[in-house]
1. Taking the condition of being surrounded by 21 or more Cβ atoms within 10 Å (Cβ to Cβ) and either in a loop (DSSP other than H, G, I, E, B) or over 13 Å from the mean Cα position of the chain (by Cα) (or both), how many residues in region 40-49 meet it?
2. Output the residue which, of all residues in region 159-189 that are surrounded by fewer than 18 Cβ atoms within 10 Å (Cβ to Cβ) and aliphatic (A, V, I, L, M), is modelled with the highest pLDDT.
3. Of the residues Gly151, Gly90, Gly137, Gly101, which single one is surrounded by fewer than 20 Cβ atoms within 10 Å (Cβ to Cβ), under 19 Å from Gly39 (Cα atoms) and touching a residue at least 40 places away in the same chain (Cβ under 8 Å)?
4. Starting from residues that are modelled with pLDDT of 95 or more and in a loop (DSSP other than H, G, I, E, B), keep the ones in region 50-62 and report whichever is nearest to Arg183 (Cα to Cα).
5. Looking at this structure, is Ile208 modelled with pLDDT under 95, in contact with a His (Cβ under 9 Å, 6 or more places away or on another chain) and surrounded by 13 or more Cβ atoms within 10 Å (Cβ to Cβ)?
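The values are calculated or read from the model by the stated rules, or taken from the named source; none is laboratory data. Note that the structure is predicted; figures quoted are calculated from it, not measured. Note that we place each Cβ from the backbone using ideal geometry, even for glycine, and neighbour counts take in every protein chain shown.
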Amino acid sequence: MWSAGRGWAAGLALLGLVLALVVRGGSGAQTGTGLVTCGSVLKLLNTHHRVRLHSHDIKYGSGSGQQSVTGVEASDDANSYWRIRGSPEGGCPRGAPVRCGQVVRLTHVLTGKNLHTHHFASPLSNNQEVSAFGEDGEGDDLDLWTVRCSGQHWEREASVRFQHVGTSVFLSVTGEQYGSPIRGQQEVHGMTSANAHNTWKAMEGIFIKPSAEPSTGHDEL
């Protein structure tokens with residue numbers, strides 16, 4: 001948990017570590033047994049539209065007015081790193097493999113805001129707006145997402161979906177592009193149905209080594 005007033009500095013320090021490991025190709029960027037674990041910092045690629053989940057300190061001009069979330073094609077953009085965290089009640093200790101069906105928060109590393117959605121229309125497609133919300137990693141119960149995948153755990157090579165706990169929509173991209181000031185970036189939004197527009201894959205990042213053997217469990221994509 002990031003302490004109040006120090007989230008920006010913590011975010012920069014964490015990002016610096018991620019970039020150093022990824023750039024030099026060190027083992028720290030690809031540790032573990034192929035599982036995504038709690039505390040990992042990573043980029044998420046929409047497998048259909050080939051854009052990475054992205055945010056930045058630019059607010060929506062309509063809807064909630066909160067920090068915007070988009071999709072970008074660039075693989076080297078520092079604003080595309082997200083940290084995997086548990087719900088405020090816990091249940092996601094550092095290094096534990098993320099289970100299929102587990103509830104997580106995705107915290108944007110550089111701004112300390114959580115991936116969030118609510119009943120506002122998205123600006124381009126009129127689906128459900130997805131934003132980044134909170135301060136220093138702490139927001140509200142609309143920051144919670146269920147990891148939908150096949151098997152027991154979220155595997156780095158597998159496609160997964162993120163279904164919002166509060167409104168049941170799936171984190172999605174359908175290709176609509178923004179103009180100025182974020183020209184070419186694609187809208188990220190929530191859709192009610194599971195389809196090709198809402199499958200994601202873990203990409204670049206630091207994957208914390210699993211701290212224990214995976215437990216049993218099963219949930220479908």
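1. To start, the set of residues in region 40-49 that are surrounded by 21 or more Cβ atoms within 10 Å (Cβ to Cβ) comprises 40-46.
Still in the list and also either in a loop (DSSP other than H, G, I, E, B) or over 13 Å from the mean Cα position of the chain (by Cα) (or both): 40.
Total satisfying the criteria: 1.
2. So, considering only residues that are surrounded by fewer than 18 Cβ atoms within 10 Å (Cβ to Cβ) and aliphatic (A, V, I, L, M), the one modelled with the highest pLDDT is Val165.
3. Working: Gly151 fails: under 19 Å from Gly39 (Cα atoms); Gly90 fails: touching a residue at least 40 places away in the same chain (Cβ under 8 Å); Gly137 fails: surrounded by fewer than 20 Cβ atoms within 10 Å (Cβ to Cβ).
Answer to the selection: Gly101.
4. Here the answer is Tyr60.
5. Taking the combined requirement at face value, the residue does not satisfy it.
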